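**Q** I'd like to ask you about the structure that follows.
The values are calculated or read from the model by the stated rules, or taken from the named source; none is laboratory data. In this text the structure is predicted, and so the values were computed from the model without any measurement. With ideal geometry, Cβ positions are generated from the backbone for all residues, glycine too; neighbour counts draw on all protein chains shown.
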Amino acid sequence: MRRFSCRSIFLVMLMATSIVISAKDLTNRVFGFRMSIPDSFHEIAVGADEPDTLCKFVDRDPTPNEPATAIQVQRLHGIINWQQRLKLEEIPKIAGFSTTLEETTWSGMNLDVIRQVASLPNQTQYVVYGIQFPLSDEAVQLHVGGPAEKDEEVRALFKTAVASFKNTKPLVGDPSAPTGRMLSNEERISKLASGIARMAITVVVLLLIVRAFTRSRRKNVPPKIEQR
């Protein structure tokens with residue numbers, strides 16, 4: 001399992017506290033896609049230790065007991081064959097994680113969807129949905145995560161994000177599309193899992209920041225003076 005240094009966690013903390021802009025329409029001309037981000041979400045800066053993360057959004061500041069809902073898009077450094085389906089038995093089992101594979105239709109294709117539920121340090125269950133899009137030049141993956149107790153809302157948000165995702169360049173398989181290095185199923189699964197881990201780290205750090213801020217405020221509250 002990949003370990004993250006204190007420096008990495010510190011960079012994520014800086015990222016988490018740096019709000020950039022409110023966003024609705026997201027367009028990336030380099031990778032060739034556009035999608036819609038709900039108005040209630042705001043973008044957070046991506047840390048220097050996240051070279052594969054193109055953008056990340058959260059819906060609000062979390063509370064000590066409720067993590068934020070997040071949207072994340074990452075590059076994959078290769079192209080994918082969407083017809084080569086992923087298999088559940090190919091996904092490594094991780095203690096504390098519940099994993100299932102689903103599918104959804106996008107642009108006339110049946111694409112794999114990974115769903116993972118994990119326990120956060122505050123004992124909250126967090127659910128993440130992930131999908132990979134077969135863009136030419138280089139594929140990208142989308143993750144949407146939120147509190148498992150709001151799974152229906154998180155799933156609806158994921159479906160909305162997938163439906164809004166549009167390619168602005170030819171897809172893999174198109175005669176005019178450039179050819180790149182094809183990722184194996186093992187590489188694709190590794191990148192999906194890495195993306196989920198990255199999102200979980202961001203959510204945990206956000207919770208830790210809020211908890212530290214809350215404790216600091218409690219310590220600095222002046223004592224009440226009772227009048228006689």
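**Q** How many residues does the range 134-159 hold that are assigned to a strand (DSSP E or B) and of a type in the set (Lys, Arg)?
**A** Narrowing the range 134-159 to residues assigned to a strand (DSSP E or B): 135, 140-147.
Then keep just the ones that are of a type in the set (Lys, Arg); that gives none.
Adding up the residues that qualify gives 0.
**Q** For the range 46-100, which residues satisfy the criterion of being among the β-branched types (Val, Ile, Thr) and in a strand (DSSP E or B)? Give the steps one after another, and end with the answer.
**A** Going through the range 46-100, the residues among the β-branched types (Val, Ile, Thr) turn out to be 46, 53, 58, 63, 69, 71, 73, 79-80, 91, 94, 99-100.
Within the range 46-100, Thr53, Val58, Thr63, Ile71, Val73, Ile79, Thr99, Thr100 meet the criteria.
**Q** Which residue, of Leu86, Leu101, Leu76, is touching a Leu at 6+ places or on another chain (Cβ under 8 Å) and free of Cβ contacts under 8 Å to residues at least 24 places away in the same chain? Talk me through it step by step, then tell me what you get.
**A** Details: Leu86 fails: free of Cβ contacts under 8 Å to residues at least 24 places away in the same chain; Leu76 fails: free of Cβ contacts under 8 Å to residues at least 24 places away in the same chain.
Residue meeting the stated conditions: Leu101.
**Q** May I pose another question? Before we move on, is Glu149 out of contact with any Cys (no Cβ under 6 Å at 6 or more places or on another chain) and either surrounded by 12 or more Cβ atoms within 10 Å (Cβ to Cβ) or at pLDDT 95 or above (or both)? Break it down into steps so the answer makes sense when it comes.
**A** Working: out of contact with any Cys (no Cβ under 6 Å at 6 or more places or on another chain): yes; either surrounded by 12 or more Cβ atoms within 10 Å (Cβ to Cβ) or at pLDDT 95 or above (or both): yes.
Yes; evaluated as a whole, the condition is true for this residue.
**Q** On the basis of being basic (Lys, Arg), over 14 Å from Lys191 (Cα atoms) and surrounded by 14 or more Cβ atoms within 10 Å (Cβ to Cβ), does Lys87 make the cut? Spell out the reasoning first.
**A** On the way: basic (Lys, Arg): yes; over 14 Å from Lys191 (Cα atoms): yes; surrounded by 14 or more Cβ atoms within 10 Å (Cβ to Cβ): no.
When the stated conditions are applied, Lys87 does not pass them.
**Q** Just checking, how many residues over the range 171-181 are out of contact with any strand residue (DSSP E or B) (no Cβ under 6 Å at 6 or more places or on another chain) and at pLDDT 80 or above? Show your work before the answer.
**A** Start the filter on the range 171-181 by keeping residues that are out of contact with any strand residue (DSSP E or B) (no Cβ under 6 Å at 6 or more places or on another chain), which leaves 171, 173-179, 181.
In the following step, the residues that additionally are at pLDDT 80 or above were identified as 171, 174, 181.
Residues in the range 171-181 being out of contact with any strand residue (DSSP E or B) (no Cβ under 6 Å at 6 or more places or on another chain) and at pLDDT 80 or above: 3 in total.
**Q** Looking at Glu89, Glu50, Glu66, can you tell me which residue is at pLDDT below 95 and under 13 Å from the mean Cα position of the chain (by Cα)? Even if it seems obvious, please write down each step before you answer.
**A** On the way: Glu89 fails: under 13 Å from the mean Cα position of the chain (by Cα); Glu66 fails: under 13 Å from the mean Cα position of the chain (by Cα).
It is Glu50.
**Q** Within the range 4-21, does at least one residue satisfy the condition of being modelled with pLDDT of 50 or more and surrounded by 16 or more Cβ atoms within 10 Å (Cβ to Cβ)?
**A** No, that holds for no residue.
**Q** Ala70 - would you say it is farther than 22 Å from Arg29 by Cα and touching a His at 6+ places or on another chain (Cβ under 8 Å)? Don't jump to the end; show me each part of the working.
**A** Details: farther than 22 Å from Arg29 by Cα: yes; touching a His at 6+ places or on another chain (Cβ under 8 Å): yes.
So Ala70 passes the test.
**Q** It is to be established whether one or more residues within the range 160-179 are surrounded by fewer than 14 Cβ atoms within 10 Å (Cβ to Cβ), under 16 Å from the mean Cα position of the chain (by Cα) and in a helix (DSSP H, G or I).
**A** no
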